[in-house]
Each structure stands twice: as C-alpha cells, then as structure tokens.
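See below for the structure under consideration.
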Amino acid sequence: MIGDMESSTPLVPHRPPLLLIDTVREANAERCITLTRVDRQAWYADPDGAMPAWFGLELMAQTISAFSGNRNKGTGLAPKFGYLLGTREYRCEVAAFPPGAELEVEAKVHYADSLGLSAFACELRHEGLVLAHAILKVYEPA
C-alpha cells in the first residue's frame, strides 16, 4: 500500500501484485514523483528478470493515481479509480527496464478541467536519464 507522506492513508487504490510503484517521493498541486525498483522475481518479469518497456505506461498511470490520491486525501474517502483514456506518443529508448533498476516517474499536470478530464506530461528516468516519455489523458469521475 502506497500511503501519503504523513500517515498510512493510501494514495493509490491498487494492491499487490498489481501495485507497481514502491514509493511516492513527492506529491503537490503540480506534479507527483514515484519510485519503482524492478523485481526480477515479479509476475511481469521477462525471462531475464527485466520489466518490459510497455509497463512504463502503467507506472505513469499509477503515478497519476498517486497524484490524485494526494490531492483528494483531505476528503477522508478512499482513493478513486480513474480511467486511462489514451496516450500520445509513448516513446521508450529501451526494450526493457533492467532487473534491480530504480525507476523514477514524474507526472506533471498538463491540463485539467472541472469535469474530471486531465492530461499529464510524464517522464520515466533511470539514473537521471529519461528512458520514456508520454502525455497520458485520464478521466476521474466526480
């Protein structure tokens, strides 16, 4: 369970084994940064113990979920499920993320309206290098 930085209140509605992010490093009104360590024994691991590159989209989506959970934590309600509507130009420089790699994902608000539609500019980094980026469009019902 990924909790907020002040208490054990969950920020993301996912639970293991589907919860992929390990830590919320930062969450504020403009962005969220999360960390994930690639586990060579995880269900998603390929034969070499790496995480296939397309999982980067899910890491970005879960980072956006943590952003939303942080924004809504004052309501006393459980985190909401949102919907990934699509992405524009997911680009990844590698075929897979190596076992043991610590991946940092940053999601910045690109657009948000009062109806629950949002877009986030996302980057996935390893050792300071941007390995993947995309703009994710999401919807969170009121």
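Read-outs throughout are calculated quantities, based only on the coordinates presented, and are distinct from any laboratory measurement. Quick caveat: nothing in here was measured; it's all calculated off a predicted structure. All Cβ positions, even for glycine, are placed from backbone atoms using ideal geometry, and neighbour counts span all protein chains on display.
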Figure the gain on full extension for THR75 and ASP39 (residue separation times 0.36 nm, minus the Cα-Cα span) and round it to one decimal in nm.
-> 9.6 nm
Which values, in whole Å and largest first, are the semi-axes of the equivalent ellipsoid of the range 95-142 obtained as the square root of 5 times each eigenvalue of the Cα gyration tensor?
-> 27, 10, 8
Neighbour count of at most 16 Cβ within 10 Å plus DSSP loop: longest trypsin sites (Lys or Arg not before Pro)-free window in the chain = 81-142
Lys and Arg at +1, Asp and Glu at -1: neighbours of PRO16 with Cβ under 15 Å from its Cβ sum to -1
Please report the base-10 log of the normalised intensity I(q)/I(0) for the chain, using a Debye sum with one equal scatterer per alpha carbon and no solvent, at each q in 0.10, 0.17, 0.21 (1/Å).
-> -0.30, -0.89, -1.32
